[in-house]
Every structure is written in C-alpha cells, then in structure tokens.
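Working notes, beginning with the structure itself.
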C-alpha cells in the first residue's frame with residue numbers, strides 16, 4: 001500500500017466515527033508523528049512493519065482511545081512530551097496558565113517555583129525551559145506520573161526536583177522549603193459529574209488526576225492555599241487552573257485566606273479558568 005493510499009484509507013475509516021475534519025486532522029498527526037511523513041501524496045510503499053503499525057493505530061483510534069496515548073506523545077507550548085494513561089493529556093488551557101506565569105515573573109531572577117500535582121510535568125518543564133534561571137520543583141502522589149514526568153524532563157533537557165508527596169497529609173509539608181511561586185492544576189471534578197464527561201476521557205485518563213469527592217470539591221484548592229501560607233515567601237504568588245464553574249469560589253478562598261492582588265483570568269474561549277493571588281500583606 002502506498003503512503004497516499006494509506007493516508008486516504010485512514011481518513012475514510014475514521015470518518016464514520018469522527019467528523020471529517022477531525023478524521024483528517026488525526027490522519028495528519030498519525031503520518032507526521034508515527035511515520036515522519038509530511039507529503040501525503042507520496043507513492044512509495046509502506047513496509048510490512050509500517051502497515052502493521054498503522055493497523056494497530058487505526059484499531060485503537062476507532063476504539064476512541066485518545067490519539068496522544070495511541071502515539072505516546074503530544075506537544076505542549078512547542079515542546080514534546082511523552083504521555084501514557086498514568087498522566088492527564090496536557091490541555092491548551094494549561095498552556096495559558098504557564099504563559100500567565102511567564103509573563104508575570106521576571107525571568108532574570110532565581111525564583112523558586114513549585115508545581116503541585118505535576119502529572120506529565122508539562123508545567124514545570126515548560127517553565128524551566130523558558131526561564132532557565134528559575135529553580136523548579138514538582139510534586140505528585142502518583143509514582144507512575146513521576147516516572148513519566150522525569151522522562152519528559154530528560155527529553156526536554158531540563159532539571160526539575162521531582163518528589164512523591166501527598167499534599168493532603170499536612171505532616172508531609174515540613175520537608176518542603178520556601179518558594180516565590182506555587183502553581184497547581186489540581187483535581188476538581190466532583191464524582192457526580194462523571195456522567196457528563198466524554199467516554200474517551202473516562203475510559204483512558206487517570207481518575208486520581210480528575211475527580212474529587214462530591215462533599216468537598218474544593219479540597220485541593222483550600223489545602224494548597226493553606227500550604228502556600230506556610231511555604232510562600234511574603235509577596236509570593238499562588239496560581240491555580242480552575243474550571244469555569246468554580247473560579248469565583250476559588251477566588252473567594254484567596255480572599256478569606258488574606259491573599260491580595262487576587263485576579264481571575266479568562267481562557268481563549270472567554271471562560272474564567274485561572275486564578276492567582278499574592279501572599280502576605282500589600283505593604284510586606
């Protein structure tokens with residue numbers, strides 16, 4: 001089978017399951033990333049090994065496995081990241097959160113930055129890549145996620161201090177130093193909203209990184225704010241990614257905890273998706 005025929009066939013097979021535009025985009029990504037092909041009209045033949053690989057990819061895509069997991073990688077902020085079911089697939093909204101931090105913080109300073117719930121490591125690795133002077137650390141409760149994150153740090157040639165830690169256990173906090181910036185995109189979806197989510201997310205992405213109890217959906221935000229009060233320097237910043245429904249509640253947590261310069265930020269879709277606040281008092 002020629003590359004041209006294989007590319008056309010993949011689009012045709014995927015189109016009944018996905019919209020034509022999405023199927024075409026997926027075929028482009030598959031051929032570019034899995035086969036290093038950018039000219040989809042080429043008449044040279046796929047090898048038997050390549051045909052077998054394409055068939056496996058096609059089968060997994062038809063089962064609605066996310067293409068990032070099928071290919072084992074994705075791009076975030078123009079950097080390449082390995083992903084597997086141990087970590088969430090990085091989202092564009094998180095790129096916007098990283099951009100907000102990089103716009104705010106002076107890149108010439110040796111700022112100490114902590115990412116809580118790092119997953120694939122996309123936040124700390126990107127920050128370190130774009131601001132090499134920063135000293136960046138990252139925590140996660142999942143050993144599997146940390147394995148992926150460490151591989152991604154090596155892949156992108158940056159040094160991150162990774163640590164396995166459950167931040168919901170306050171006794172673990174004492175090992176942490178002080179930071180100028182703390183950032184987190186924590187779990188925030190109540191289990192009762194599970195039925196509202198797409199099956200490709202539910203069937204493949206890690207529950208531990210997505211869901212919180214129905215009784216206390218803001219538990220991570222409140223806990224991390226308490227942690228920040230102990231481990232942010234005076235005048236230090238705390239950044240959160242949220243969803244559009246809890247951004248105002250997270251903003252209120254900042255106010256109630258005595259933070260200042262609190263600000264919500266909309267994503268490119270015009271939804272409130274990020275909140276930041278500064279620790280201490282305005283004159284400290």
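Read-outs: derived from the displayed coordinates by stated rules, not from any lab. It should be emphasised that the depicted structure is a prediction, and the values quoted were computed from it without experimental measurement.
With respect to the chain, whose longest principal axis is taken over its alpha-carbon atoms, helix 48-62 is tilted by about 60°.
For segment 3-63, the fraction of C-alpha pairs more than 20 angstrom apart is 15%.
Can you give me the relative contact order of segment 3-63 as a percent, contacts being Cα pairs under 8 Å and 6 or more apart? Don't skip to the answer; put the middle values down first.
On the way: 32 pairs, mean separation 27.4, N = 61.
Contact order relative to length: 45 percent.
Going by alpha carbons, how many degrees (0 to 90, nearest 10) lie between the helix axis of 247-256 and the longest principal axis of the chain? For 247-256 against the chain, the angle is about 20 degrees. Look at the alpha carbon pairs under 8 Å that are at least 6 residues apart: their mean separation over the length of segment 44-148 gives a relative contact order of 22 percent. Note: segment 1-149, Cα convex hull, 129 Å³ per residue. For the chain, the fraction of C-alpha pairs farther apart than 23 angstrom is 58 percent. Summed over qualifying helices (DSSP H, 4 residues or more, each -39500 (n - 2.57)) and divided by its residue number, the chain shows a 222 nm mean residue ellipticity of -11500 deg cm²/dmol.
Over all pairs of different C-alpha atoms in segment 103-142, the reciprocal of the mean inverse distance, the Kirkwood hydrodynamic radius, equals 10.4 Å.
Normalised by the number of residues in segment 54-112, what is the relative contact order in percent for Cα pairs under 8 Å and 6+ residues apart? Here the relative contact order equals 20 percent. Projected onto its three principal axes, the C-alpha set of segment 89-175 covers 33, 27, 24 Å, listed from the longest axis down. Taking only the alpha carbons of segment 216-284, we obtain Rg and Dmax values of 11.7, 36 Å in that order.
Only beta bridges with both residues in the chain are counted; by DSSP, about 45 percent of them are antiparallel. Using only alpha-carbon positions in segment 126-167, the gyration tensor eigenvalues give semi-axes of 19, 12, 6 Å once each is multiplied by 5 and square-rooted (largest first). For the Cα atoms of the chain, what angle does the longest principal axis make with the long axis of helix 20-35, in degrees from 0 to 90, nearest 10? Taking Cα atoms only, the helix is inclined about 90 degrees.
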